[in-house]
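Asker: For reference, the structure I am asking about is given below.
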Amino acid sequence: MKTKITELLGIEYPIIQGGMAWVAEYHLASAVSEAGGLGIIGAGGAPASFVREQIQKGKELTDKPCGVNVMLMNPEADQIAQVIVEEGVKVVTTGAGNPGKYMAMWKEAGIKVIPVVASVGLARMMERAGADAVVAEGTESGGHIGAATTMTLVPQVVDAVHIPVIAAGGIADGRGFAAAIMLGAEAVQMGTRFVVAKESIVHENYKKKVIAAKDIDSEVTGMTHGHPVRQIRNNMTREYLKLEKAGAPFEELEHLTLGALRKAVVEGDVINGTLMAGQIAGLVKQEQTCAEMIQEIMTQAEKLLKLS
Ligand code: TUI
(Lines give C-alpha, C1' and ligand atoms only; values in the text may rest on other atoms or scores of the structure.)
Protein backbone atom coordinates (compact mmCIF):
# COMPACT_ATOMS: atom_id res chain seq x y z
CA MET A 1 0.00 0.00 0.00
CA LYS A 2 1.44 3.34 -1.09
CA THR A 3 0.73 6.55 0.82
CA LYS A 4 2.56 9.84 1.29
CA ILE A 5 4.16 8.32 4.40
CA THR A 6 5.41 5.10 2.75
CA GLU A 7 6.93 7.36 0.07
CA LEU A 8 8.41 9.82 2.57
CA LEU A 9 9.98 7.12 4.73
CA GLY A 10 10.68 4.48 2.09
CA ILE A 11 8.76 1.79 3.97
CA GLU A 12 6.47 -0.95 2.70
CA TYR A 13 3.47 -0.52 5.02
CA PRO A 14 2.17 2.72 6.56
CA ILE A 15 2.46 1.40 10.12
CA ILE A 16 4.72 3.12 12.63
CA GLN A 17 5.51 1.75 16.05
CA GLY A 18 5.04 4.08 19.01
CA GLY A 19 8.19 5.26 20.81
CA MET A 20 7.18 3.78 24.14
CA ALA A 21 9.54 4.45 27.08
CA TRP A 22 11.29 1.23 28.25
CA VAL A 23 9.16 -0.87 25.85
CA ALA A 24 10.36 0.41 22.49
CA GLU A 25 13.92 -0.91 22.62
CA TYR A 26 15.96 -2.18 19.72
CA HIS A 27 14.59 -5.75 19.52
CA LEU A 28 11.05 -4.47 18.98
CA ALA A 29 12.04 -1.58 16.73
CA SER A 30 14.19 -3.71 14.43
CA ALA A 31 11.43 -6.35 14.19
CA VAL A 32 8.86 -3.76 13.12
CA SER A 33 11.22 -2.27 10.52
CA GLU A 34 12.18 -5.74 9.29
CA ALA A 35 8.44 -6.51 8.89
CA GLY A 36 8.00 -3.50 6.58
CA GLY A 37 6.77 -0.86 9.03
CA LEU A 38 8.85 1.76 10.80
CA GLY A 39 10.29 0.63 14.13
CA ILE A 40 11.10 3.31 16.66
CA ILE A 41 13.58 3.19 19.52
CA GLY A 42 12.04 5.11 22.41
CA ALA A 43 14.53 7.17 24.40
CA GLY A 44 11.99 7.64 27.21
CA GLY A 45 13.84 8.88 30.28
CA ALA A 46 17.09 7.07 29.41
CA PRO A 47 20.53 8.70 29.29
CA ALA A 48 22.01 9.63 25.90
CA SER A 49 24.72 6.94 26.14
CA PHE A 50 22.03 4.25 26.46
CA VAL A 51 20.17 5.62 23.45
CA ARG A 52 23.37 5.54 21.39
CA GLU A 53 23.91 1.88 22.32
CA GLN A 54 20.32 1.05 21.39
CA ILE A 55 20.71 2.66 17.96
CA GLN A 56 23.94 0.76 17.32
CA LYS A 57 22.45 -2.58 18.42
CA GLY A 58 19.40 -2.01 16.23
CA LYS A 59 21.65 -1.62 13.19
CA GLU A 60 23.08 -5.08 13.87
CA LEU A 61 19.62 -6.70 13.72
CA THR A 62 18.30 -5.09 10.53
CA ASP A 63 19.56 -3.20 7.51
CA LYS A 64 16.26 -1.33 7.39
CA PRO A 65 16.31 1.98 9.24
CA CYS A 66 14.75 2.43 12.68
CA GLY A 67 13.63 5.81 13.92
CA VAL A 68 14.18 7.27 17.39
CA ASN A 69 11.60 8.92 19.64
CA VAL A 70 12.75 11.73 21.90
CA MET A 71 10.64 12.16 25.02
CA LEU A 72 11.17 15.90 25.44
CA MET A 73 10.89 15.91 29.24
CA ASN A 74 14.04 13.76 29.38
CA PRO A 75 16.72 15.84 31.16
CA GLU A 76 19.23 14.62 28.54
CA ALA A 77 17.03 15.53 25.55
CA ASP A 78 19.69 17.94 24.21
CA GLN A 79 22.37 15.24 24.21
CA ILE A 80 19.98 12.67 22.71
CA ALA A 81 19.11 15.10 19.92
CA GLN A 82 22.85 15.27 19.16
CA VAL A 83 23.37 11.49 19.35
CA ILE A 84 20.62 11.09 16.75
CA VAL A 85 22.58 13.25 14.31
CA GLU A 86 25.90 11.56 15.08
CA GLU A 87 24.47 8.05 14.60
CA GLY A 88 22.91 8.87 11.24
CA VAL A 89 19.32 8.21 12.34
CA LYS A 90 16.92 8.83 9.43
CA VAL A 91 13.63 9.51 11.22
CA VAL A 92 12.83 11.19 14.54
CA THR A 93 9.53 11.36 16.38
CA THR A 94 9.09 13.43 19.52
CA GLY A 95 6.64 13.37 22.42
CA ALA A 96 5.53 15.25 25.51
CA GLY A 97 6.58 18.69 24.32
CA ASN A 98 7.61 21.06 21.54
CA PRO A 99 10.76 19.97 19.64
CA GLY A 100 11.17 23.39 17.95
CA LYS A 101 14.68 24.01 19.26
CA TYR A 102 16.06 20.85 17.59
CA MET A 103 14.33 21.29 14.27
CA ALA A 104 17.04 23.26 12.40
CA MET A 105 19.79 20.86 13.51
CA TRP A 106 17.83 17.76 12.50
CA LYS A 107 16.67 19.19 9.17
CA GLU A 108 20.24 20.22 8.34
CA ALA A 109 21.30 16.60 8.91
CA GLY A 110 18.62 15.43 6.45
CA ILE A 111 16.55 13.75 9.17
CA LYS A 112 12.80 13.32 8.69
CA VAL A 113 11.15 14.95 11.70
CA ILE A 114 7.72 13.79 12.84
CA PRO A 115 6.52 15.40 16.08
CA VAL A 116 3.71 13.71 17.98
CA VAL A 117 1.02 16.28 18.70
CA ALA A 118 -2.19 16.22 20.68
CA SER A 119 -3.65 19.48 19.35
CA VAL A 120 -4.23 21.38 16.11
CA GLY A 121 -2.23 24.32 17.50
CA LEU A 122 0.97 22.33 17.95
CA ALA A 123 0.47 20.59 14.59
CA ARG A 124 0.34 24.00 12.86
CA MET A 125 3.38 25.21 14.77
CA MET A 126 5.33 22.09 13.81
CA GLU A 127 4.46 22.49 10.14
CA ARG A 128 5.73 26.08 10.25
CA ALA A 129 8.92 24.88 11.97
CA GLY A 130 9.62 22.49 9.10
CA ALA A 131 8.23 19.12 10.27
CA ASP A 132 7.91 16.49 7.52
CA ALA A 133 4.73 14.99 9.00
CA VAL A 134 2.93 14.87 12.35
CA VAL A 135 1.48 12.08 14.43
CA ALA A 136 -1.94 13.19 15.71
CA GLU A 137 -2.33 11.23 18.91
CA GLY A 138 -5.73 10.90 20.57
CA THR A 139 -6.49 10.52 24.25
CA GLU A 140 -7.21 6.80 23.77
CA SER A 141 -3.45 6.24 23.73
CA GLY A 142 -1.41 4.79 26.53
CA GLY A 143 1.14 6.86 28.42
CA HIS A 144 1.23 10.66 28.40
CA ILE A 145 -1.89 11.92 26.64
CA GLY A 146 -3.71 15.00 25.42
CA ALA A 147 -7.44 15.67 25.72
CA ALA A 148 -8.89 15.23 22.20
CA THR A 149 -10.03 11.86 20.89
CA THR A 150 -8.48 10.34 17.77
CA MET A 151 -11.82 10.57 15.94
CA THR A 152 -12.00 14.34 16.50
CA LEU A 153 -8.29 15.23 16.43
CA VAL A 154 -7.18 13.49 13.23
CA PRO A 155 -9.58 15.17 10.73
CA GLN A 156 -9.05 18.57 12.36
CA VAL A 157 -5.27 18.23 12.08
CA VAL A 158 -5.63 16.95 8.50
CA ASP A 159 -7.60 20.10 7.62
CA ALA A 160 -5.16 22.39 9.41
CA VAL A 161 -1.84 21.31 7.85
CA HIS A 162 -0.48 20.42 4.42
CA ILE A 163 2.05 17.83 5.62
CA PRO A 164 0.98 14.17 5.98
CA VAL A 165 -0.78 13.16 9.19
CA ILE A 166 -0.29 9.85 10.99
CA ALA A 167 -3.15 8.77 13.27
CA ALA A 168 -2.51 7.32 16.71
CA GLY A 169 -4.58 6.36 19.72
CA GLY A 170 -7.03 3.48 19.78
CA ILE A 171 -5.76 1.73 16.65
CA ALA A 172 -4.84 -1.96 16.86
CA ASP A 173 -6.37 -3.76 13.87
CA GLY A 174 -7.35 -3.38 10.23
CA ARG A 175 -10.63 -1.68 11.11
CA GLY A 176 -8.85 1.03 13.09
CA PHE A 177 -6.31 1.37 10.29
CA ALA A 178 -9.05 1.76 7.64
CA ALA A 179 -10.93 4.25 9.82
CA ALA A 180 -7.77 6.33 10.19
CA ILE A 181 -7.37 6.41 6.41
CA MET A 182 -11.02 7.53 6.13
CA LEU A 183 -10.23 10.40 8.52
CA GLY A 184 -7.51 11.55 6.15
CA ALA A 185 -4.47 9.95 7.76
CA GLU A 186 -1.61 8.67 5.58
CA ALA A 187 -0.45 6.10 8.15
CA VAL A 188 -1.06 4.87 11.68
CA GLN A 189 1.12 4.70 14.75
CA MET A 190 0.42 1.82 17.13
CA GLY A 191 1.81 1.19 20.59
CA THR A 192 -0.37 -1.08 22.70
CA ARG A 193 -0.55 -3.92 20.18
CA PHE A 194 3.24 -3.96 19.83
CA VAL A 195 3.67 -4.18 23.62
CA VAL A 196 2.67 -7.85 23.36
CA ALA A 197 4.73 -8.63 20.25
CA LYS A 198 6.86 -11.76 20.51
CA GLU A 199 9.94 -9.61 19.87
CA SER A 200 8.99 -7.18 22.67
CA ILE A 201 11.17 -7.63 25.79
CA VAL A 202 8.32 -6.48 28.05
CA HIS A 203 7.90 -8.82 31.06
CA GLU A 204 5.40 -11.65 30.48
CA ASN A 205 3.31 -10.44 33.47
CA TYR A 206 2.82 -7.04 31.79
CA LYS A 207 1.90 -8.64 28.46
CA LYS A 208 -0.67 -10.84 30.24
CA LYS A 209 -2.26 -7.76 31.83
CA VAL A 210 -2.58 -6.07 28.40
CA ILE A 211 -4.09 -9.24 26.90
CA ALA A 212 -6.53 -9.63 29.83
CA ALA A 213 -7.52 -5.93 29.83
CA LYS A 214 -11.06 -5.03 28.81
CA ASP A 215 -12.41 -1.83 27.26
CA ILE A 216 -12.69 0.19 30.48
CA ASP A 217 -9.67 -1.14 32.37
CA SER A 218 -7.45 1.92 31.99
CA GLU A 219 -7.23 4.96 34.28
CA VAL A 220 -5.68 8.38 33.78
CA THR A 221 -3.40 9.50 36.59
CA GLY A 222 -1.73 12.88 36.99
CA MET A 223 -4.56 14.97 35.52
CA THR A 224 -4.30 17.53 38.37
CA HIS A 225 -0.63 18.33 37.85
CA GLY A 226 -0.81 18.53 34.07
CA HIS A 227 0.84 15.23 33.15
CA PRO A 228 -2.01 12.85 32.45
CA VAL A 229 -0.83 9.27 31.95
CA ARG A 230 -3.09 6.43 30.79
CA GLN A 231 -2.32 3.05 32.29
CA ILE A 232 -4.07 -0.18 33.23
CA ARG A 233 -5.85 -0.03 36.60
CA ASN A 234 -3.97 -1.72 39.44
CA ASN A 235 -2.87 -1.09 43.00
CA MET A 236 -0.59 1.70 41.76
CA THR A 237 -3.38 3.64 40.02
CA ARG A 238 -5.73 3.14 42.99
CA GLU A 239 -3.15 4.53 45.44
CA TYR A 240 -2.19 7.35 43.08
CA LEU A 241 -5.76 8.44 42.39
CA LYS A 242 -6.66 8.27 46.09
CA LEU A 243 -3.74 10.58 46.94
CA GLU A 244 -4.44 12.82 43.94
CA LYS A 245 -8.09 13.20 44.99
CA ALA A 246 -6.96 14.10 48.50
CA GLY A 247 -4.84 16.91 47.02
CA ALA A 248 -1.41 15.35 47.60
CA PRO A 249 1.50 17.52 46.48
CA PHE A 250 3.20 16.74 43.16
CA GLU A 251 6.40 15.58 44.91
CA GLU A 252 4.55 12.88 46.84
CA LEU A 253 2.83 11.58 43.71
CA GLU A 254 6.09 11.68 41.79
CA HIS A 255 7.74 9.61 44.50
CA LEU A 256 5.07 6.95 44.00
CA THR A 257 5.66 6.75 40.25
CA LEU A 258 9.44 7.07 40.22
CA GLY A 259 10.82 3.99 38.53
CA ALA A 260 7.35 2.43 38.36
CA LEU A 261 7.39 1.91 34.58
CA ARG A 262 10.72 0.09 34.79
CA LYS A 263 9.30 -1.98 37.65
CA ALA A 264 6.45 -3.14 35.40
CA VAL A 265 8.36 -3.59 32.13
CA VAL A 266 11.56 -5.16 33.51
CA GLU A 267 10.57 -6.78 36.80
CA GLY A 268 6.99 -7.69 35.91
CA ASP A 269 5.57 -5.96 38.99
CA VAL A 270 1.99 -5.57 37.77
CA ILE A 271 0.73 -4.59 41.23
CA ASN A 272 2.79 -1.50 42.00
CA GLY A 273 4.29 -0.87 38.56
CA THR A 274 2.96 1.47 35.87
CA LEU A 275 1.23 -0.54 33.12
CA MET A 276 0.98 2.05 30.36
CA ALA A 277 -1.47 0.91 27.67
CA GLY A 278 -4.17 2.46 25.54
CA GLN A 279 -7.94 1.97 25.62
CA ILE A 280 -7.64 -0.46 22.71
CA ALA A 281 -5.94 -3.02 24.99
CA GLY A 282 -9.33 -4.77 25.12
CA LEU A 283 -8.88 -5.68 21.47
CA VAL A 284 -5.38 -7.07 21.90
CA LYS A 285 -5.80 -10.78 22.42
CA GLN A 286 -2.54 -12.58 21.74
CA GLU A 287 1.21 -12.45 21.44
CA GLN A 288 2.27 -12.53 17.78
CA THR A 289 5.36 -11.60 15.85
CA CYS A 290 5.48 -8.05 14.46
CA ALA A 291 5.32 -9.50 10.95
CA GLU A 292 2.14 -11.45 11.79
CA MET A 293 0.54 -8.35 13.29
CA ILE A 294 1.38 -6.14 10.33
CA GLN A 295 0.29 -8.73 7.75
CA GLU A 296 -3.02 -9.30 9.57
CA ILE A 297 -3.75 -5.57 9.87
CA MET A 298 -2.88 -4.86 6.24
CA THR A 299 -4.96 -7.80 4.90
CA GLN A 300 -8.01 -6.72 6.91
CA ALA A 301 -7.57 -3.04 6.03
CA GLU A 302 -7.08 -3.66 2.32
CA LYS A 303 -10.34 -5.62 2.20
CA LEU A 304 -12.21 -2.85 4.00
CA LEU A 305 -10.68 -0.19 1.81
CA LYS A 306 -11.38 -2.37 -1.23
CA LEU A 307 -7.78 -2.19 -2.35
CA SER A 308 -7.62 -5.94 -2.99
O1 TUI B 1 4.68 11.46 24.69
C2 TUI B 1 3.76 10.71 24.53
N3 TUI B 1 3.53 9.63 25.32
C4 TUI B 1 4.30 9.29 26.40
S5 TUI B 1 5.71 10.05 26.92
C6 TUI B 1 5.83 8.99 28.20
S7 TUI B 1 7.11 9.07 29.38
C8 TUI B 1 6.30 9.84 30.65
N9 TUI B 1 6.15 9.15 31.76
C10 TUI B 1 5.54 9.70 32.82
C11 TUI B 1 5.04 10.97 32.76
C12 TUI B 1 5.14 11.67 31.61
C13 TUI B 1 5.79 11.10 30.51
C14 TUI B 1 4.82 8.10 28.16
N15 TUI B 1 3.98 8.28 27.16
N16 TUI B 1 2.89 10.90 23.52
C17 TUI B 1 2.97 12.03 22.68
C18 TUI B 1 2.25 13.18 23.29
N19 TUI B 1 2.71 14.38 23.30
N20 TUI B 1 1.08 13.12 23.92
C21 TUI B 1 0.80 14.38 24.34
C22 TUI B 1 1.85 15.17 23.94
C23 TUI B 1 2.03 16.57 24.13
C24 TUI B 1 1.47 17.23 25.20
C25 TUI B 1 1.71 18.58 25.39
C26 TUI B 1 2.84 17.26 23.23
C27 TUI B 1 3.07 18.61 23.43
C28 TUI B 1 2.50 19.25 24.51
O29 TUI B 1 2.73 20.55 24.73
C30 TUI B 1 3.53 21.25 23.82
C31 TUI B 1 4.14 22.45 24.42
O32 TUI B 1 3.95 23.52 23.83
O33 TUI B 1 4.84 22.29 25.43
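The values are calculated or read from the model by the stated rules, or taken from the named source; none is laboratory data. Since we're looking at a predicted model, the values are computed, not measured. When we count neighbours, we look across all protein chains shown, and the Cβ atoms used for this are built from the backbone with ideal geometry, even at glycine. Surface areas here come from the heavy atoms of the whole protein model, side chains and all, with no ligands, DNA or RNA. Shrake-Rupley method; radii C 1.70, N 1.55, O 1.52, S 1.80 Å.
Asker: My understanding is that a pair violates if its Cα-Cα distance is over 32 Å; which of LYS57/LYS101; LYS112/LYS208; LYS198/LYS303 do that in this structure?
Answerer: Pairs exceeding 32 Å: LYS112/LYS208.
Asker: Can I ask one more? Sequence-distant or interchain residues sharing an amide H contact under 5 Å with THR93, placed H: which?
Answerer: It is VAL68, ASN69, VAL70, ILE114, by chain and number.
Asker: Can you give me the accessible area per residue for region 37-159, using a 1.4 Å probe, in Å²?
Answerer: Working: 5030 Å² over 123 residues.
I get 41 Å² per residue for this part.
Asker: Taking 0.36 nm per residue of sequence separation and subtracting the Cα-Cα distance, how much length would be gained by fully extending the chain between LEU258 and GLN56, in nm to one decimal?
Answerer: Here the segment from LEU258 to GLN56 would lengthen by 69.9 nm.
Asker: Through the Karplus equation 6.51 cos²θ - 1.76 cosθ + 1.60, θ set to phi - 60°, convert the phi angles of region 18-32 into ³J(HN,Hα) values in whole Hz; use x for Gly and Pro.
Answerer: Couplings: x, x, 5, 4, 6, 7, 7, 9, 5, 4, 5, 4, 5, 5, 5 Hz.
Asker: Here is a follow-up. Taking only the alpha carbons of region 107-211, what extent do you get along each of the three principal axes, in Å, biggest first?
Answerer: Largest first, region 107-211 extends 43, 33, 23 Å along its Cα principal axes.
Asker: Roughly to the nearest percent, how much of the accessible area of the chain is carbon and sulfur, given a 1.4 Å probe?
Answerer: On the way: 7240 of 13210 Å².
Carbon-and-sulfur percentage of accessible area, whole number: 55.
Asker: What FRET efficiency comes out for GLU251 versus SER49 if R0 is 30 angstrom and r is the Cβ-Cβ distance? Round to the nearest 0.05.
Answerer: Once rounded, the FRET efficiency stands at 0.60.
Asker: Let me ask another. Is there a quick way to get the dipole size of region 47-137? I mean about its Cα centre, with the Cβ of Lys and Arg at +1 and of Asp and Glu at -1; what is the value in debye to the nearest 20?
Answerer: 200 debye
Asker: To the nearest 20 Debye, how big is the dipole of region 44-84 about its Cα centre, given +1 on the beta carbon of each Lys and Arg and -1 on that of each Asp and Glu?
Answerer: The dipole magnitude comes to about 120 debye.
Asker: Can you find, among VAL196, ILE216, PRO14, the residue farthest towards the positive end of the dipole of the chain? Put +1 on the C-beta of Lys and Arg, -1 on that of Asp and Glu.
Answerer: ILE216
Asker: To continue, here is another question. Please report, to one decimal in angstroms, the Kirkwood hydrodynamic radius of region 179-308 built from all distinct Cα-Cα pairs.
Answerer: Working: mean 1/r = 0.0619 Å⁻¹.
Value: 16.1 Å, from the Cα pair sum.
Asker: Which whole-number value in Å³ per residue fits the convex hull of the alpha carbons of the chain?
Answerer: So the per-residue hull volume is 115 Å³.
Asker: Shifting gears a bit: Of LYS107/LYS263; LYS2/LYS285; LYS59/LYS263, which sit over 31 Å apart, Cα to Cα?
Answerer: Beyond 31 Å between Cα atoms: LYS107/LYS263.
Asker: Using just the helices of the chain, give the 222 nm mean residue ellipticity in deg cm²/dmol: DSSP H runs with n ≥ 4 each add -39,500 (n - 2.57), and the total is spread over all residues, rounded to 500.
Answerer: Mean residue ellipticity at 222 nm (helix-derived): -12000 deg cm²/dmol.
Asker: What fraction of the Cα pairs in region 9-142, stated in percent, has a spacing above 26 angstrom?
Answerer: 13 percent
Asker: Give the long-range amide H neighbours of ALA187: residues separated by 5 or more places, or on another chain, with amide H under 5 Å away, using H modelled in the peptide plane at 1.01 Å from N.
Answerer: Placed amide hydrogens put ALA167 under 5 Å from ALA187.
Asker: Now for a separate question. Tabulate in residue order the Karplus-calculated ³J(HN,Hα) for region 238-245, using 6.51 cos²θ - 1.76 cosθ + 1.60 with θ = phi - 60°, rounded to whole Hz; enter x for Gly and Pro.
Answerer: Result, ordered by residue: 4, 4, 4, 5, 5, 5, 4, 5 Hz.
Asker: Follow-up question, since we're still on this one. What is the dipole size for region 202-306, taken about its Cα centre, with +1 at each Lys and Arg Cβ and -1 at each Asp and Glu Cβ, in debye to the nearest 20? Intermediate results must be reported in sequence, preceding the final value.
Answerer: Details: 14 positive and 15 negative charges, 63 e Å.
Taking the Cα centre of region 202-306 as origin, the dipole is about 300 debye.
Asker: Sequence-distant or interchain residues sharing an amide H contact under 5 Å with GLU140, placed H: which?
Answerer: Correct list: THR150.
Asker: Rounded, prolate or oblate: which fits region 166-241 when a ≥ b ≥ c are the square roots of the eigenvalues of the alpha-carbon gyration tensor, with rounded for a/c under 1.5 and prolate only if a/b beats b/c?
Answerer: Note, shape of region 166-241 comes out oblate.
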